[in-house]
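Asks: This structure is in structure tokens; I'll ask about it shortly.
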Amino acid sequence: MTDAANLHCWTRRERYALLFCVFVFGLWAMSQGQSNNWDLRNYHWYNGWAWLNGRGALDLAAAQAQSWFNPLLPAALYLLLSSLKPWLGTFLLGCLQGLNLLPLHRIALQLLPAPWLQQRRWLALLIALVGATGATQRGELGATFGDNLVSLPLLGALALLLGAPARDWRRPVLAGLLLGLAVGLKLTAAPMAAGIVLAAPLLAADGTARLRLFVCVATAALASFLLVHGHWMLELYRQFGNPLFPMFGNFFGGDFTPPFELRDDRWLPRTAWQWLFYPLAWANNPRHVSELWFLDLRIPLLFLAVLALPLWWRRARDQSPRPQGLRFLLAAVAVGYGLWLLLFGYYRYLVLLEMLAPLLLTLALLTLRSRLLLPALCTAVVLLGLATRPPRWGRTAHYAEHYVEVQLPPHADYAQAMIVFGGGEPLSFIAPSFPSSARFVRIAGNLVGPPQPEWALDRAARKHLQQHAGPLYLVALELDSEFLREALLRQQLAIVAGSCAPIDSNLFRKERLPQLCALQRMPKA
């Protein structure tokens, strides 16, 4: 295959190889075991179930602040994983996440120098494989986080824009639709999507074409975002006067403005050195950007390569089949990284850059002149893949009959009950195991209850409790917590002595079990 028109298309062997690799990703996910992470327990499982069952007016803050994240992606995952055997659902989810390999491979075909594609076409697949097996992808394979799912439309948009003919408007529009889809499903994709939109004009040859390209991509992205996320923003606005509740309350105002800071700034750089060289900082200490330890040198090495950009840019541009495409990709990841640094600083949200880093590193290395370039390049790429250690977010020891199994204490009147979550532990996943007529409210967690001062959400919880005529049950892990005692006192509730019994689940791993306790209302003073 040397014809220029076909050089960047998949061959039949490549299609078979890619499909085989996707199947292997599914097996890999299945072999690691069922996902069992904090987010799954706290809101992935509950949010999907709650939205599908129309529980918006029945429950309050069951999944803490995360109760008000867009439920579309959790709902899709809930349908998949609750409808199939856990091992099969995990396999299919791993296959879906393995599809990242396809746009990665297509992008590599579009940007690798023609002589290398003509003589060593297998290099594109090797680069794509290393890109699709970074720490984030490995840690989330078969899991419910979604970062390596929204990466699919982001990578698809990049591939479409890089392959779009000069005067074609359909691919840019489709790319914009994919970008809006990614952000609509998961707002943390916004920095990378914005980087792609803002860099898109670099693909055009003149000012008029650049403006037209930007308008096509940006308008389509906005329309898609509103289609995917607009319904949820409208619902939040109707309830709280804030389309992004509980975030940005100070901007939108209203009664439901939290009297405390909600932004999680734990991962933002702290010093001038970190602001300038953050990838080098987390290469030495990954806990700057993650709760859990991991090892992945893709982005730190790419950062060093970008610092040396003046040394290799001209030659890379000259040997690239799409110089404007290389310029666009570098600008997109640079802008996306900058926005990510300002907004989040949390490593998982950089999955797109992690996946693209091996390709950009390879393009930089291909500018070197040496007879040993090919073996050195292959060795470097393989070592980069081998020297990767993913974070361990949690897996079950074995597959159960159902994805989530919960054993509730017997002999309790759950059908007419209101279940009160009292603490910040991620326990809302047990909600679907109660009768559908049960209701759920949280009086303590990361958005309501002590140590936060009392505010509108506490009063809304009190209203739910006062209007409920059936039995009340507390679900909590730390029954002797001072915060729990204060939260119960704030809501004029008390635990019935001797009524507590443990709740068990296949998601609990040799850990202390939460307790379900009967509650009684305290007499009014």
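Asks: List the lysines whose alpha-carbon lies under 30 Å from that of Lys463, not counting same-chain residues fewer than 8 positions away?
Replies: Answer for Lys463, where 30 Å is the Cα cut-off: Lys524, listed by chain and number.
Asks: When the Kirkwood radius is taken over all Cα pairs of the chain, what Stokes-Einstein diffusion coefficient follows at 4 °C and 1.567 mPa s, in µm²/s?
Replies: 52
Asks: Got a sec to turn the phi values of segment 418-433 into Karplus ³J(HN,Hα) couplings, 6.51 cos²θ - 1.76 cosθ + 1.60 with θ = phi - 60°, whole Hz, x for Gly and Pro?
Replies: Values per residue, Gly and Pro as x: 10, 9, 10, 7, x, x, x, 5, x, 10, 5, 5, 6, 4, x, 7 Hz.
Asks: Follow-up question, since we're still on this one. What Cys residues in the chain have no fellow cysteine's beta-carbon under 4.7 angstrom?
Replies: Among the cysteines of the chain, those whose Cβ sits 4.7 Å or more from every other are Cys9, Cys21, Cys95, Cys216, Cys378.
Asks: Rank by packing, highest mean first: peptides 393-399, 292-298, with packing defined as the count of other Cβ atoms within 10 Å averaged across residues.
Replies: In descending order of packing, they fall as 292-298, 393-399.
Asks: Could you name the lysines whose alpha carbon sits less than 27 Å from that of Lys510, not counting residues in the same chain fewer than 8 places away?
Replies: List returned: Lys85.
Asks: Now, a different point. In whole Å, what are the extents of segment 99-386 along the principal axes defined by its C-alpha atoms, from largest to smallest?
Replies: 69, 46, 37
Asks: Segment 141-181 to segment 425-504: how many Å between their Cα centroids?
Replies: One Cα centre to the other: 42 Å.
No lab work stands behind these numbers, since they all come straight from the coordinates. Worth saying up front: this structure is predicted, and the values here are computed from it rather than measured. FYI the Cβ positions are ideal-geometry reconstructions off the backbone, even for glycines, and counts take in every protein chain you see.
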